[in-house]
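The values are calculated or read from the model by the stated rules, or taken from the named source; none is laboratory data. What you are looking at is a predicted structure, and each value in this text was computed from that prediction instead of being measured. Cβ sites come from the backbone with ideal geometry, for glycine too, and all protein chains shown count toward neighbours. The area values use the complete protein model at the heavy-atom level, side chains included, leaving out ligands, DNA and RNA. Shrake-Rupley method; radii C 1.70, N 1.55, O 1.52, S 1.80 Å.
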Amino acid sequence: MKKLEDYVTSIPDFPEPGIIFRDITTILQDGEGLHQAVDQLIAMTDGLDFDLVVGPESRGFIFGVPVAYALRKGFVPVRKKGKLPRETISASYELEYGTAEIEIHKDAIKPGQKVVIVDDLIATGGTTEAIIRLINELGGQVVKICFVMELAGLKGRERLKDYPVDSAIIYEGK
């Protein structure tokens, strides 16, 4: 049986020389790989008391919804600014070359609700840090953060040191 990391395609020198791009679309397009990824994310929540799964656009949706479905939890999307139809709150975060802004519906999380964040990748941790700010602003409590893949060399876990973080695959580099 293949391990989850066997489904990841590594592409050298993309998007620039010296970078190894870890492509998870090859996990998604293989039924067994997708099944393993979702099962490992679900296992990360074993014994955990929580109410909702939160996932950012777009791959957080892909992995977060099946986790929420399997565990009979609600799913809350976090989207790029301007994509949600009702009243929202927003948070900005730094990108390599500039900033971005994400939003969540203002009524998506009730005060006291316990939340698990699910996403495909942790690199620098900036997006997840912004998601945490949104959850906290709504009165929610982040009880765990789960990723399919982690690029440990970018030290994103350090930015999230106040929260339990788990990753199915950890690459030591960037």
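Toward the positive end of the charge dipole of the chain, about the Cα centre and with charges on Cβ (Lys, Arg +1; Asp, Glu -1), which of GLN40, GLN29, VAL143 goes farthest?
VAL143
Filter the chymotrypsin sites (Phe, Trp or Tyr not before Pro) in region 57-109 to those in DSSP coil with at most 15 other Cβ atoms within 10 Å of their Cβ, and list the result.
Answer by residue number: TYR97.
Hey, if we sort ARG86, ARG22 by accessible area with the 1.4 Å probe, largest down, what's the order?
Numbers: ARG86 125, ARG22 60 Å².
So the residues, ranked largest to smallest area, are ARG86, ARG22.
Assigning unit charges at the beta carbon (Lys, Arg +1; Asp, Glu -1) and nothing else, what dipole magnitude in debye, to the nearest 20, does region 1-90 show about its Cα centre?
Values: 11 positive and 13 negative charges, 100 e Å.
Magnitude of the dipole: close to 480 debye.
Suppose only helical runs count, i.e. DSSP H with n ≥ 4. What mean residue ellipticity at 222 nm does that imply for the chain under -39500 (n - 2.57) per run, divided by all residues and rounded to the nearest 500 deg cm²/dmol?
Computed mean residue ellipticity for the chain: -7500 deg cm²/dmol.
If you line up the Cα atoms of the chain on their principal axes, what length do they span on each, largest first, in Å?
The Cα atoms of the chain stretch 43, 38, 30 Å along the principal axes, largest first.
Could you work out what % of the accessible surface of region 61-174 is carbon and sulfur, using a 1.4 angstrom probe and leaving DNA, RNA and ligands out of the count?
Details: 2890 of 5810 Å².
Carbon plus sulfur share of accessible area: 50 percent.
What GluC sites (Glu not before Pro) does region 69-174 have in DSSP loop regions with at most 12 other beta carbons within 10 Å?
Taking region 69-174 and a limit of 12 other Cβ atoms within 10 Å, the loop GluC sites (Glu not before Pro) found are GLU87, GLU96, GLU172.
Just list whichever of LYS3/LYS114; LYS81/LYS110; LYS3/LYS81; LYS2/LYS114; LYS2/LYS174; LYS3/LYS161 have alpha carbons separated by over 29 Å in the model shown.
Table pairs above 29 Å Cα-Cα are LYS3/LYS114; LYS3/LYS81; LYS2/LYS114.
Along the charge dipole of the chain, which of PRO56, MET1, ILE109 sits closest to the positive end, that is, farthest toward it, with unit charges on the beta carbon of Lys, Arg, Asp and Glu (+1, +1, -1, -1)?
ILE109
May I ask you to rank VAL67, VAL165 by accessible area, largest first, using a 1.4 Å probe over the protein chains only?
Accessible-area ranking of VAL67, VAL165, largest first: VAL165, VAL67.
Roughly how many Å² of MET44 are accessible to a 1.4 Å probe, to the nearest 10?
That residue has around 20 Å² of solvent-accessible surface.
Over the chain, give the accessible area per residue in Å² for a 1.4 Å probe, as an integer.
On a per-residue basis, 53 Å².
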